[in-house]
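Bear in mind these aren't lab numbers, they're just calculated from the coordinates by the rules spelled out. Owing to the predicted nature of the structure, the values given are computational and were not obtained by experimental measurement. Positions of Cβ are generated from backbone atoms using ideal geometry, with glycine treated the same way; all protein chains shown enter the neighbour counts.
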Amino acid sequence: MAIKTENSPHEPNIGVFLCKCGKNIAGTVDIDELAKEIEKIPEVKLVQVNTYTCSDPGQVEIETAIKEQGIEKIVVAACSPRLHGPTWKTVLRRAGINPSLVEVANIREQCSWVHLSEKKEATKKAKELIEMAIAKAELLEAIDDIVVPVNQRVLIIGGGVAGIQAALDLANNYEVILVEKSPTIGGKMALI
């Protein structure tokens, strides 16, 4: 966690949202004990437990908590960020917060599912994963989305039959660049 000094900037109000994921997480990790431990972390303003944070009601609860509690950054302790990372970014957008200010602690795949018969150890590991996510969340900075123009150009490598056909198929909609290592195109077409 960050060390507070006289010159430290304002500490962010971090909200931690713990997902039970039905019994996928709550069946292995002691969520109530975990919530009590996370509440002790000074940088955390709010700890909220949801049955399914990814569900519509779960998202509304997070959005409401953000607005009512003045939460500036969130940590979601749930499943893989690859699965629901876009969900949390959407929730932040709706709450009026930059979507880059979310960190996900994967306590389902990386903890609960791999420690099914070790509830005490799974709870300890979940706490450590969340503490790491909180430490990272403290350092997050708002990043604006940028729009990058895309060149509507296609490079086709190989001027054989397939390359020529691909170039013809794409030429109506895209600028086509056909590259062939030989001095002539056609490949083995002359042998057909």
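Here are the numbers for the structure shown:
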read-out: Cα-based shape type of segment 70-157, given that a ≥ b ≥ c are square roots of the gyration tensor eigenvalues and the cut on a/c is 1.5; value: oblate
read-out: Given charges at Cβ of Lys, Arg, Asp, Glu: the chain dipole, positive-most of V44, N98, L83; value: L83
read-out: Using distinct alpha-carbon pairs, which all enter the 1/r mean, Kirkwood radius of the chain in Å; value: 19.8 Å
read-out: Cβ crowding within 10 Å averaged over residues, with 67-75, 89-97, 161-169, 145-153 ranked highest first; value: 67-75, 89-97, 161-169, 145-153
read-out: Listed residues S80, S182, S112, most fluctuating in the chain (Gaussian network, C-alpha, under 10 Å); value: S182
read-out: Reach of K127 by Cα under 19 Å, taken over aspartates and glutamates that are not fewer than 8 positions away in the same chain; value: D30, D32, E33, E37, E39, E43, E103, E109, E118, E138
read-out: Cα centre as origin, Lys/Arg/Asp/Glu Cβ charges: segment 14-139 dipole, Debye; value: 240 debye
read-out: Over 23 Å (Cα to Cα) - which of K73/K119; K89/K124; K20/K120; K23/K120; K20/K119; K40/K124 fall in this group; value: K73/K119; K89/K124
read-out: Positive-end residue, the chain charge dipole about Cα centroid, Cβ charges, pick of G70, A35, N173; value: N173
read-out: Helix-only [θ]222 nm of the chain, DSSP H runs n ≥ 4, -39500 (n - 2.57) each, per residue, nearest 500; value: -11500 deg cm²/dmol
